[in-house]
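Just so you know, all these numbers are worked out from the coordinates, no wet-lab data involved. As the structure is a computational prediction, the values presented were derived from the model and not from experiment. Note that each Cβ is placed from the backbone with ideal geometry, even for glycine, and that neighbours are counted across all protein chains shown.
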Amino acid sequence: MALDDDIALLARVPLFASLGQEPLRLLAFSAETRFLRGGDTLFREGQAADAGFVVVEGEFLLTSSSGIAERLAGPGALLGEIALIVETLRPATATARQPSTAMRVPRSLFRRILTEFPQAARRVHGEFRQKMRATTAELNRIGGIFASISDD
């Protein structure tokens, strides 16, 4: 892919969409491209996660030992979003279902972008804050369901 194509793809990723043109250019230029065959593993559940991956082409099946995290991720999906910010372990295994390409965005690169572009950092902070609020609201809703079941 050409640099402009990579920038356009990254701009469609919700977390990166608000970064701005210069941070996106740096991200696209500095990210590593990984090419996988069908059946190849991008990462395994339980591995230390030091990067996020943007699916460029193909499709990845995400599975976990709990069976809860099974889903498909296609072009434009960001895998390992939390790993861009903090040290964590992979909650699932990502396996290419067909020949696939992914862009690896190391945490160090993402942090560099946030440091060099404070406006982008504020926007990313807002994105994470919004996601946390939505997650908290969903957990409260689910908690209410369980509370009503246990009251019966």
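Pop a pseudo-label 7 angstrom from the Cα along the beta-carbon direction at both GLN98 and GLU32 and give the gap in nm to one decimal.
Using points 7 Å along Cα→Cβ, the separation is 2.6 nm.
So which DSSP H runs in the chain come out at 24 Å plus along the axis (Cα) with average Kyte-Doolittle of at least 0.5?
none
Tell me the label only: which of (i) 0.98; (ii) 1.14; (iii) 1.03 is Rg/Rh (Cα atoms, Kirkwood Rh) as calculated from this structure?
Answer by label: (iii).
Along the Cα→Cβ direction, 7 angstrom out, place labels at ALA48 and ILE82. What is the inter-label distance in nm?
1.8 nm
In a GNM of the chain with a 10 Å cut-off on Cα contacts, which of LEU139, LEU24, LEU62 has the highest mean-square fluctuation?
Looking only at LEU139, LEU24, LEU62, the largest GNM fluctuation is found for LEU139.
Could you give the longest part of the chain that holds none of the GluC sites (Glu not before Pro) found in DSSP loops with at most 14 neighbouring Cβ atoms within 10 Å?
Formally, the longest exposed-site-free interval is 1-69.
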